[in-house]
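Enquirer: Okay, handing you the structure first.
The values are calculated or read from the model by the stated rules, or taken from the named source; none is laboratory data. Bear in mind that the values here come from a model prediction, so they are computed numbers and not experimental data. Every residue, glycine as well, gets a Cβ built from its backbone with ideal geometry; the counts of neighbours run over all protein chains shown. The accessibility values were calculated without ligands, DNA or RNA, using every heavy atom of the protein model including side chains. Shrake-Rupley method; radii C 1.70, N 1.55, O 1.52, S 1.80 Å.
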Amino acid sequence: MKSVLITGGTGFFGQAMVKHLLTLPDEGIYRICIYSRDEAKQATMRAMLTDPDERLRWFIGDVRDQARLRQAMEGVDVVIHAAALKRIETGFYNPQEMIKTNIEGAVNVITAATEECRHRGGANPIRVVALSTDKAYQPVSPYGLSKAMAESLFLSANNTR
């Protein structure tokens, strides 16, 4: 049995993944944690899921907040990191915000997962899947650059055991 945490769980990908996970048998996934900073999107998503499922857990939180991430990761088996600022124009006008969410947020996810694994004594490690974009290949925008850096951070984290 697995517990899954989805950062950016109310975004386009997060909503689709939650719907998919809910189609799996109860004995496969026993808890699905939707982690996002937008309470309005969480309310809308709850309303869309007309048949409330007891496996769903709702966490208000931002990937910029490492302490909240650590709390949300307690007992989690799989993290799907989908939280990001994704709009190209946002990156050009607010590159510092892209850095905070896409790069520092990635560091926070990695750190929280690593600390949770240490807390477990190395048993039952957390698996982390990080979403990226084609814009990270030969990036020309702050968005692409921040996602390329996030990719490097996640790849590098695999080598720190």
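Enquirer: Per-residue accessible area for LYS2 at 1.4 Å probe radius, Å² rounded to 10?
Expert: 100
Enquirer: Continuing with this model, one more query. Roughly how many nanometres apart are two label points built 7 Å out from the Cα toward the Cβ at PHE12 and ASN158?
Expert: The two pseudo-label positions are separated by 2.6 nm.
Enquirer: Along the charge dipole of segment 38-161, pointing to its positive end and built from +1/-1 on Cβ of Lys, Arg, Asp and Glu, which listed residue (ALA40, SER152, PHE92) has its Cα farthest out?
Expert: SER152
Enquirer: Just to make sure I understand: if all protein chains stay in place, what is the order of VAL78, VAL109 by accessible area at 1.4 Å, largest first?
Expert: Accessible-area ranking of VAL78, VAL109, largest first: VAL78, VAL109.
Enquirer: Still on this model: Find, among the chymotrypsin sites (Phe, Trp or Tyr not before Pro) in segment 120-161, those assigned to loop by DSSP (not H, G, I, E, B) with at most 11 other beta-carbon atoms within 10 angstrom.
Expert: The qualifying sites are TYR137.
Enquirer: Shape verdict for the chain, please, from the Cα gyration tensor: rounded (a/c under 1.5), prolate (a/b greater than b/c) or oblate. Kindly include the intermediate steps, with their values, before the conclusion.
Expert: On the way: a/c = 1.92, a/b = 1.24, b/c = 1.55.
Cα axes put the chain in the oblate bin.
Enquirer: Only Lys, Arg, Asp and Glu count, each charged at its Cβ (+1, +1, -1, -1), so figure out the dipole size of the chain about its Cα centre, rounded to 20 debye.
Expert: Values: 20 positive and 18 negative charges, 43 e Å.
Dipole magnitude for the chain comes out near 200 debye.
Enquirer: In addition: Over segment 7-140, give the accessible area per residue in Å² for a 1.4 Å probe, as an integer.
Expert: Per residue, segment 7-140 has an accessible area of 56 Å².
Enquirer: Now, a different point. Under a Cβ-only charge scheme (Lys and Arg +1, Asp and Glu -1), can you give me the dipole magnitude of segment 53-119 about the Cα centre, in debye to the nearest 20?
Expert: 120
Enquirer: Leaving out ligands, DNA and RNA, and with a 1.4 Å probe, what % of the accessible surface on the chain is carbon or sulfur?
Expert: On the way: 4980 of 9080 Å².
That fraction is 55 percent.
Enquirer: With label points built 7 Å along Cα→Cβ from the Cα atoms of ASP53 and ARG118, find their separation and express it in nm.
Expert: 3.4
Enquirer: Moving on to the next point. Considering amide H positions built from the backbone, and no H for Pro or chain starts, which residues 5 or more places from ILE32, or on another chain, come under 5 Å of its amide H?
Expert: Those lying under 5 Å, H to H, from ILE32 are VAL4, LEU56, ARG57.
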